[in-house]
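Below you'll find the structure, written out as structure tokens, and then a few comments.
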Amino acid sequence: MGLSSQLVSPGPDRIPQLDGLRGFAILMVLVWHCVAGFTTTEPGSFAAYLLVPFRLTWSGVDLFFVLSGYLIGGILLDTRQAPGYFQRFFLRRAFRILPVYYVVWCLFALGVWAHRANVISNDFLFEHSADLFWYPLFLQNWAIVAEKEFAINALSVSWSLCIEEQFYLLFPFLLRFMPSSGKLCLVLASLIVAALLLRASIVVFY
């Protein structure tokens, strides 16, 4: 049994430290959304200094990304030569995420229709509803960059799910067809540098 199988299987082989990191990441996100990200303080005040340690709690989402990449990457590395590699991986991911996601999207689309028809009225939930078509394609994170805003308020949190789904679509092919671990490390390092340069270029030029 590979390391990644131990990480995702219940029982004595499970690594509890990773569950602790997940809990810590959840706490960070909650603190950001409930306290640090939406609290206005006067610069130089005692409250402003008190909130300084909490200003980085937004990075709890990044911690989730790291954990997901570590666990999913380990699974893919352990099974990349196994028969049914793509079928098993994509079916498990699809059944875990897509049914609930599309139910929520359909309900929200119904709400947008009702809002436009003046059956209900809630500008906060349904503003920017013209951007709704991005969501079934898991491309709303690109829409956020293109439109410089978080599009539909009620569904804005799904941007992180887009990144996960795009990772699931690309990474299995990279691991399956990369001939050696050395080349894989080189490609991954290049992608990290490219992502940093892309982010910097968006901030500077867009």
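The values are calculated or read from the model by the stated rules, or taken from the named source; none is laboratory data. Please read these numbers as outputs of a predicted model, since none were measured by experiment. Here Cβ is always computed from backbone atoms with ideal geometry, including for glycine, and neighbour counts include all displayed protein chains. Just so you know, the surface numbers come from the protein's heavy atoms only, side chains and all, with ligands and any DNA or RNA stripped out. Shrake-Rupley method; radii C 1.70, N 1.55, O 1.52, S 1.80 Å.
Of the conditions (1) touching a residue at least 12 places away in the same chain (Cβ under 8 Å); (2) within 21 Å of residue 22 (Cα to Cα), residue 34 fails just one. Which one is it?
It fails just one condition, (1).
If you go through region 54-79, how many residues are more than 12 Å from the chain's Cα centre (by Cα), open to solvent by 20 Å² or more (accessible area, probe 1.4 Å) and closer than 26 Å to residue 33 by Cα?
First, pick out the residues of region 54-79 that are more than 12 Å from the chain's Cα centre (by Cα): 54-58, 70-79.
From what is left, the residues that are open to solvent by 20 Å² or more (accessible area, probe 1.4 Å) are 54-56, 58, 70, 75, 77-79.
Filter again for closer than 26 Å to residue 33 by Cα, leaving 54-56, 58, 70.
Of the residues in that region, 5 qualify.
Would you confirm whether or not region 6-20 contains a residue that is β-branched (Val, Ile, Thr), at pLDDT 85 or above and surrounded by 12 or more Cβ atoms within 10 Å (Cβ to Cβ)?
First pass over region 6-20, keeping only residues β-branched (Val, Ile, Thr): 8, 15.
Restricting the remaining residues to those that are at pLDDT 85 or above gives none.
No.
Looking at region 37-74, which of its residues are hydroxyl-bearing (Ser, Thr, Tyr) and either without any contact (Cβ under 8 Å) to a residue 24 or more places away in the chain or over 20 Å from residue 158 (Cα atoms) (or both)?
39, 40, 41, 45, 49, 70
Kindly indicate which of 102, 70 is farther than 27 Å from residue 19 by Cα and in a helix (DSSP H, G or I). Before you say what the answer is, go through the steps one by one.
Values: 70 fails: farther than 27 Å from residue 19 by Cα.
On inspection, the qualifying residue turns out to be 102.
Looking only at region 161-193, which residues are of a type outside the set (A, V, I, L, M, F, W, C), open to solvent by 30 Å² or more (accessible area, probe 1.4 Å) and either within 14 Å of residue 72 (Cβ to Cβ) or in contact with a Phe, Trp or Tyr (Cβ under 9 Å, 6 or more places away or on another chain) (or both)?
Matches in region 161-193: 164, 166, 176.
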